[in-house]
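The values are calculated or read from the model by the stated rules, or taken from the named source; none is laboratory data. What you see is a predicted model, and the numbers here were worked out from it, not measured in a lab. Cβ coordinates were reconstructed from backbone atoms using ideal geometry, including for glycine residues, and neighbour counts include every protein chain displayed.
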Amino acid sequence: MHNLIDRLEALVVEGKRIPMTGRAVIDEREFMEIIDQLRVSLPEELRQARRITQERERLIAEGQSEAERVINQAHEQAAFLLQDQELTKSAERHAQRIVVEAQQQAAAIVEEAQRQGDALLQEAREHAEEVRSGADSYARDVLSNLEAELNRHIVMVRKGLAMLDKPLSEAAMH
């Protein structure tokens, strides 16, 4: 994206200078091609945001999978402890604590994955908006300058034509 903006700037800097005006003539076709390329590159920022969203969903899924694994492990451990008749009551209490701890760990893992995913998504959105806004602003400035320059040239051409027409009309009168 920055490469395209640099190309636009170079196009203006390298344009043919108009003496005593501080203005430059640039290749409109090349300018419009770069603007089109800028428009095409904006969806890449959106693709990055989608990738971040997918990464966030993957983190959440991993967190949930890990939580299920921990809970299943807790249930297996609880079942093993229950096999011993003498330790049944103690095993039930211990198993319940393991399940509660596993649920707490699972909730913490899912919450952290959610928080990280949300932060990544927000960052991607802000970056995409910043890039889009900068590109639009730059393009607007360049186009405004180009329009002013073209209008100035049109006025000069009309004055030149008027001066050329004036002697012709005076010559026709004589």
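Just to be sure before I move on: is Q105 among the polar types (S, T, N, Q), in contact (Cβ under 8 Å) with a residue 60 or more places away in the chain, more than 30 Å from E14 (Cα to Cα) and surrounded by fewer than 17 Cβ atoms within 10 Å (Cβ to Cβ) in the structure I sent? No; evaluated as a whole, the condition is false for this residue. Of the residues in segment 131-141, at least one is closer than 30 Å to F31 by Cβ and in contact with a Ser or Thr (Cβ under 9 Å, 6 or more places away or on another chain). Does A135 satisfy the criteria of being aliphatic (A, V, I, L, M), in a helix (DSSP H, G or I), out of contact with any Phe, Trp or Tyr (no Cβ under 9 Å at 6 or more places or on another chain) and modelled with pLDDT of 90 or more? No: the conditions fail for A135.
Could you say whether any residue in segment 141-149 is among the charged types (D, E, K, R), within 29 Å of the chain's Cα centre (by Cα) and surrounded by 13 or more Cβ atoms within 10 Å (Cβ to Cβ)? For segment 141-149, residues among the charged types (D, E, K, R), within 29 Å of the chain's Cα centre (by Cα) and surrounded by 13 or more Cβ atoms within 10 Å (Cβ to Cβ): absent.
In segment 73-96, is there at least one residue being polar (S, T, N, Q), closer than 26 Å to E129 by Cβ and surrounded by 12 or more Cβ atoms within 10 Å (Cβ to Cβ)? Taking every residue of segment 73-96 in turn, none turns out to be polar (S, T, N, Q), closer than 26 Å to E129 by Cβ and surrounded by 12 or more Cβ atoms within 10 Å (Cβ to Cβ). The set of residues in segment 12-54 being in contact with a Leu (Cβ under 7 Å, 6 or more places away or on another chain) and within 20 Å of S137 (Cβ to Cβ) consists of I26, F31, I34, Q37, L38, S41. Can E111 be described as within 30 Å of L4 (Cα to Cα), among the acidic types (D, E), at pLDDT 90 or above and assigned to a helix (DSSP H, G or I)? No: the conditions fail for E111.
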